[in-house]
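The structure appears right after this line, and notes come after that.
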Amino acid sequence: MPHIVKSFDDELTRLRESVIAMGQMTTAQFSRSLDCLTDPTDEAVAGVIALDAEIDRLSQAVNEQVFHVLALRSPMADDLRLVVTAMHVATALERIGGYGVSLARNAKALSYPPLPSLRSVVRMGREVTTMLVDVLGAYGERDAARALAVWKADRQVDEAYSSLFRETITYMMEDPQNIRSCSHLMFIAKDIERVGDHATNIGEMVYFLATGRPLGEVRPKGDTSTAAGPS
Amino acid sequence: MHAESAVPGLSDCARPKITVRGVDVFYGGKQALTDIDLDINENEVTALIGPSGCGKSTFLRCLNRMNETIADCRVTGRIELDGIDVTTGLDVVELRARVGMVFQKPNPFPKSIYDNVAFGPRILGLTEDRHEMDEIVVHSLRRAGLYDEVKDRMDQPGTGLSGGQQQRLCIARAIAVGPEVILMDEPCSALDPIATARIEELIEELRSEYTIVIVTHSMQQAARVSQRTAFFHLGVLIETGPTAAIFTNPENPLTQGYITGRFG
């Protein structure tokens, strides 16, 4: 049902569209940062960095719109959830943009020919990209079920990260020459895992936006790298 | 329903001061309220919201039998104050001393500030002498946050005060007879934002001693001052709950539509 004051509807629509546009740009940037893993040219890395600046600009624009609506419209109920969620989602996307840059920069430090683990890292990255696409789709549609599916999918990413951690340690033990490249690969994997966490956080926000209730239960964590690592 | 004890501002051991069960109100042949059930908790502010004509003021006026002053108004059902039926168990004068009222437009009597506040205690014979009356007047004006502004001109007419001061004078007048419940029918709608803020602050202060029921058209005011909100629509109580829950996640689509400005 539309609002009696049409300009309020217009502002909420604009805000939602800004977040969606920011989400599309962040997904594209993250995907291009994954491309850097297999083809880390200066140009590709510079492209990722340029997109990050654009993401930051959009994040700023979303925040300004949020303040405007809060100050002038005093939104209530689902409108209030939409506005507050927009701010949180924009912050999460802005962080993902930062991880994209970090990932692309680390890609430059990987050895050639690549370690076999790189394939697992790229696969993990693609899984996280799917999570991002899904969670942003859920945001656009206010689809709680889809958001919940993303929330649950993060467990697989965590498990993949733990298994990669063990695999990489094996390579390091086999040949100390691998340590430098393996370390960078682990940084990259960690960045991807964090992007998965942010996608999951967005899923939680979408669930709250759609239902008005927080996702109460504790998310199943599949990351056992801390336990597997040296104490 | 929501977990009420987890909501800040709501007392964990809220006790119903007024219980309303199955109340219908008719103006002649027209039904204004239908089958209202509501508990009004002690030491809480309950806000009644809803579009014009939804019955919220009618409901408020049932609580101290003000509807009896309207010739063809008929109220059925049960309204209890501390478990006593307000219609059969209480004399109307006693009821209105225990359940005071503040109206939309400040309506001081054309008397001095002092006499406005002293009026109720005087006709109810609450005091023995002038000294006791002075104490009641000063205490009531202090509670209403007005004393410092009027202490040097108690003999001046109440109608000479500003709108916000007049409304606080009316609150002092209501307090003077020692009520347990204060009903407020849009008490700030004729006031500027500063005077409104003063009244809202006063409502928060008064809550520790009194049970307050406020009708307001301002959603933000309901959100700011109340612990519990009841939403009326076309004479039906649609939803009631902790104010924070009503304004962040109402359960009924009608409530949602109204508070977000999609109809009304």
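What figure in square angstrom, to the nearest 10, would you give for the accessible area of A:His68 with a 1.4 Å probe?
Spelled out: A:His68, probe radius 1.4 Å, area about 80 Å².
Could you work out the Rg to Rh ratio of the protein assembly as shown, with Rh taken as the Kirkwood radius (inverse of the mean 1/r over all Cα pairs)? Spell out each step's value before the answer.
Working: Rg = 31.4 Å, Rh = 26.8 Å.
Ratio value, two decimals: 1.17.
May I ask for the distance between the Cα centers of the stretch A:34-109 and the stretch B:245-259, given as a whole number of Å?
Distance between centres, Cα-based: 31 Å.
Within 10 Å of each Cβ in peptide A:3-13, how many partner chain Cβ atoms are there on average? Round it to a whole number, please.
Taking the mean over all residues of the peptide, I get 2.
What is the gain in length, in nm to one decimal, between A:Glu64 and A:Asp42 on full extension, counting 0.36 nm per residue of separation less the C-alpha to C-alpha distance? Don't skip to the end; give the middle numbers.
Working: separation 22, 0.36 × 22 = 7.92 nm, distance 3.36 nm.
Additional length available on full extension: 4.6 nm.
Total accessible area buried between chains B and A, 1.4 Å probe, in Å² to the nearest 100?
On the way: alone 11820 and 11460 Å², together 22110 Å².
About 1200 Å² of accessible surface is lost on pairing.
Let a ≥ b ≥ c be the square roots of the eigenvalues of the Cα gyration tensor of the stretch B:151-191; is it rounded (a/c under 1.5), or, if not, prolate (a/b larger than b/c) or oblate? Please list the in-between numbers first.
Working: a/c = 3.43, a/b = 1.26, b/c = 2.73.
Oblate shape, in that a/c is at least 1.5 and b/c is the bigger or equal ratio.
Which entries in the list A:Lys108/A:Lys152; B:Lys17/B:Lys56; B:Lys17/B:Lys105; B:Lys30/B:Lys111 go over 30 Å, if you measure between the two C-alpha atoms of each?
Values: A:Lys108/A:Lys152 32 Å; B:Lys17/B:Lys56 18 Å; B:Lys17/B:Lys105 27 Å; B:Lys30/B:Lys111 39 Å.
Flagged as over cut-off: A:Lys108/A:Lys152; B:Lys30/B:Lys111.
Do you know the relative contact order of chain A, to the nearest whole percent, from alpha carbon pairs under 8 angstrom that are 6+ apart?
Values: 299 pairs, mean separation 57.4, N = 231.
Dividing the mean separation by the residue count of chain A yields 25 percent.
Given the protein chains as shown and a 1.4 Å probe, how many square angstrom of B:Arg173 are accessible, to the nearest 10?
Here the residue's solvent-accessible area equals roughly 40 Å².
Got a sec? Which residues of the stretch B:201-244 lose 50 Å² or more of accessible surface with every protein chain in place, vs. that chain alone, 1.4 Å probe?
B:Gln220
Can you tell me how much longer the chain between B:Asp152 and B:His217 gets when fully stretched, taken as 0.36 nm per residue apart minus their C-alpha distance, in nm with one decimal? Display every interim value, and only then the final one.
Working: separation 65, 0.36 × 65 = 23.40 nm, distance 3.53 nm.
Result: 19.9 nm gained on full extension.
Per-residue mean of other chain beta-carbon atoms within 10 angstrom of the beta-carbon, peptide B:47-58?
Details: counts 0, 0, 0, 0, 0, 0, 0, 0, 0, 0, 0, 0.
For this peptide, the per-residue mean of nearby foreign Cβ atoms is 0.
Which value, in Å², gives the accessible area per residue of chain A when a 1.4 Å probe is used on the protein heavy atoms? Please report the intermediate quantities before stating the final value.
On the way: 10870 Å² over 231 residues.
Ligands and nucleic acids excluded, the figure is 47 Å² per residue.
In nm, what is the difference between 0.36 nm times the number of residues separating B:Glu68 and B:His131 and their Cα-Cα distance? Don't skip to the end; give the middle numbers.
Working: separation 63, 0.36 × 63 = 22.68 nm, distance 3.59 nm.
Between B:Glu68 and B:His131, full extension yields an extra 19.1 nm.
What's the angle, to the nearest 10 degrees (0 to 90), between helix B:113-124's Cα axis and the longest principal axis of chain B?
Tilt of helix B:113-124: around 70 degrees.
Over the protein assembly as shown, what percent of the accessible surface lies on carbon and sulfur atoms, probe 1.4 Å? Show your work: numbers first, answer last.
Working: 11790 of 22110 Å².
Carbon and sulfur: 53 percent of the exposed surface of the protein assembly as shown.
Roughly how crowded by other chains is peptide A:72-82, in terms of the mean Cβ count from those chains within 10 Å of each of its Cβ atoms?
Per residue, the number of nearby Cβ atoms from other chains is 5 on average.
Testing the spin-label approximation: label points 7 Å from Cα along Cα→Cβ at B:Thr88 and B:Arg15. State their distance in nm.
Result for the modelled spin labels: 2.4 nm.
Sequence gap at least 6, Cα distance under 8 Å: using those rules, report the relative contact order of chain B to the nearest whole percent. Don't skip to the end; give the middle numbers.
Working: 504 pairs, mean separation 71.8, N = 264.
After rounding, I find 27 percent.
Given points 7 Å out from each Cα along the Cα-Cβ axis, report the A:Ser74 to B:Lys30 separation in nanometres with one decimal.
2.9
How big is the charge dipole of chain B about its Cα centre, in debye rounded to the nearest 20, if each Lys and Arg gets +1 on its Cβ and each Asp and Glu gets -1 on its Cβ?
680
Leaving out ligands, DNA and RNA but keeping every protein chain, what accessible area does B:Glu68 have, in Å² rounded to the nearest 10, with a 1.4 Å probe?
100
Compute the normalised compactness of chain A: alpha-carbon radius of gyration over 2.2 N^0.38 Å, N being the residue count.
Numbers: Rg = 19.3 Å, N = 231, 2.2 N^0.38 = 17.4 Å.
Output field value: 1.11.
The values are calculated or read from the model by the stated rules, or taken from the named source; none is laboratory data. Predicted model, so just to flag it, every value in this text is computed and none were measured. Note that each Cβ is placed from the backbone with ideal geometry, even for glycine, and that neighbours are counted across all protein chains shown. Ligands, DNA and RNA are stripped out before the accessible areas are found, and what is left, the full protein with its side chains, is counted by its heavy atoms. Shrake-Rupley method; radii C 1.70, N 1.55, O 1.52, S 1.80 Å.
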